[in-house]
1. Of TRP241, TRP177, TRP43, how do they rank once you tally other Cβ atoms within 10 Å and put the fewest first?
2. Report the relative contact order of segment 231-320, percent, no decimals, based on alpha-carbon pairs under 8 angstrom and at least 6 residues apart.
3. Return the subset of LYS286/LYS350; LYS95/LYS167; LYS133/LYS158; LYS133/LYS334 for which the Cα-Cα distance in this structure is over 32 Å, preserving the input order.
4. Per-residue HN-Hα couplings for segment 119-129, Karplus 6.51 cos²θ - 1.76 cosθ + 1.60 at θ = phi - 60°, whole Hz, x for Gly and Pro?
5. Please list, ordered by chain and number, the residues whose modelled amide H lies under 5 Å from the amide H of VAL384; skip anything fewer than 5 residues away on the same chain.
6. Among [x] 26.0; [y] 22.1; [z] 24.6, which one is Kirkwood radius over Cα pairs in Å computed from these coordinates?
7. Could you go through segment 3-12 in sequence order and give the Karplus-derived ³J(HN,Hα) for each residue, using 6.51 cos²θ - 1.76 cosθ + 1.60 with θ = phi - 60°, rounded to whole Hz, and x for Gly and Pro?
8. Put +1 on the Cβ of each Lys and Arg and -1 on the Cβ of each Asp and Glu in segment 231-320; which of GLY261, GLY292, VAL237 then has its Cα farthest toward the positive end of the dipole?
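Bear in mind that the values in this text are calculations on the coordinates, not laboratory data. Keep in mind that what you see is a predicted model, and the values were worked out from it rather than measured. Don't worry about glycine lacking a Cβ; one is built from the backbone with ideal geometry, like all the others, and counts go over all protein chains shown.
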Amino acid sequence: MFLETILIGLGIVALLLVLGALALEIRYRRHPGNDLVMTSGDWNLEVYEPHRYLLVGEPELPSRSPRVEIMVLEVEADVTLLSKGSLDEITHTIKVTPRHPDTPARPDGYWFGYIIKRHKTTRLEVSLDVRGKELNQLQAAWVRIRYLTYGPRGRIPKVCHVIVPLKFPATEDSQRWRPTLHADVLPVKTHLLTQLDNPVEIVKRYVMPHAQPGDIVTIGETPVAVMQGRFHHPSEVRPGWVAKRLCFYFMTTSTLSSACGMQTLVDIVGPVRVVFAFVAGAIAKKFLNQPGMFYQLAGEQARLIDDVTGTLPPYDQFIVLGPENPQQVVDQIKAETGLSAAIVDVNDLKAVNIVASTSGIPKGLLEQALVSNPAGNDDQQTPVVLIRPTETAVNPKSAQHSKPTT
C-alpha cells in the first residue's frame, strides 16, 4: 500500500512537471520575442541632377511588444544599383545616421546600442549619394538595411529591403495602342513600382492623361502586391517539415516546388489546410481525373504567390505574395478616378485570371483584351493596361473598329 502511494505521488509529480513544461512551452511560443520590424518610412530624391543623385530615407523601428524592451545593437546599409547601362563610371556612398528622439547621433557615425522601450519608435536616416556619368540610365536603388536585435530571443539579425525608383517615364512614353477584337489596349509604362507607391496614385499619374469615359484600367496582381509591401526575401523564410516534403510533388515550374515557396503558403493558411489540400488534391487527380483541386482547396494565395525569378529585377530575388484586399483596391481606384478597374493575373500561356474587378465589367471583354498579355512578362515596366472597348464590344455584328484617341 505504501509503495502504491509513493508511485501515485511520483506519477502526480511527473504529470505536474509535464504540464508545467507544456505551459512554459506554450507561453514561449506565444511570446512575441524580439518583436521589432523596421519599416521603410519616407524616401526622397533631394538632389536629382545629371551627374548626382542624393537619396535620403527615414526608416522607422517601432517596438510592438507590450511587455519587453528590445535593443538594437548594430545597423548598417548597402545598396545595389539597377541600370540599363554600365555602372563602371558611377560611384556611390551610403551612410546610416541614428535619429533617436532622446539621444543625439555621434559625430563619428558609430551606431551605439539603443534600447527601444515598449510601444516606442525610433528612426534612422539613410543617405545614398550617387555620382557619375550616364545617371539617366539608372532604374532603381535596392537598399538593404541590416540591423541586429537583442532581446528575449537572443541576438537576431534582420534585414529591411527598400527599393526606390530612380527613373520616371513621361506620359508620351506610352502611346502605342494595340487593336484587339473588341477593344483597343494601351500598355502604360511606369517607373519601377515599389512599396513606396500606391495603386490609385499610379493610375492618376500615368493612366489618367490617356483615359476617357468608358475605359477600363487593369493592373497586374504582382505589382499591386509589391506596392502593398507583400514581398520578402527567401533568407527570411524557415521551411518546416510540411514544406520540405510536399514541395517535391509539384512541377518545377510551380511556385510551390521550392521549400521556401511552399513554406510561404504554409505561413499564410497553416500546415493543416496545406496537408488537407495536398491529400484531397492527390485523390481527385488520381481517381477522379480532376487536376488543380489542390489550388482550389489551399486558397487563392496558392495560385498568386510568385517565387524567386517570377518577376522583373530586383523582385526576381524575392517571394511575392498575392495582393491583400484586391476588391478594396479596385473600388478605391473607381471612386477616386472614375475608371472601372481590375486586378489581373496574366501570363504568356494565354491564361487570364481576374483577381478582382469593379462591377459592370464584362469578364469576356477583359479575357479577350488581355489574352495576348500586352503587359508582358519581362522588364517592359508596363504593369498597367488601359482597355478601351470598341463598337464591336457593344455590337459584335459591326465590323467597324474605331481608332483610339491619344
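1. TRP241, TRP177, TRP43
2. Computed value for segment 231-320: 29 percent relative contact order.
3. Among LYS286/LYS350; LYS95/LYS167; LYS133/LYS158; LYS133/LYS334, the Cα-Cα distance tops 32 Å for LYS133/LYS158; LYS133/LYS334.
4. Coupling constants for segment 119-129: 6, 9, 9, 10, 10, 9, 10, 10, 10, 10, 10 Hz.
5. Close amide H contacts, sequence-distant or interchain: VAL188.
6. [z]
7. Karplus-based 3J(HN,Hα) across segment 3-12 equals 5, 5, 4, 4, 5, 5, x, 5, x, 5 Hz.
8. GLY292
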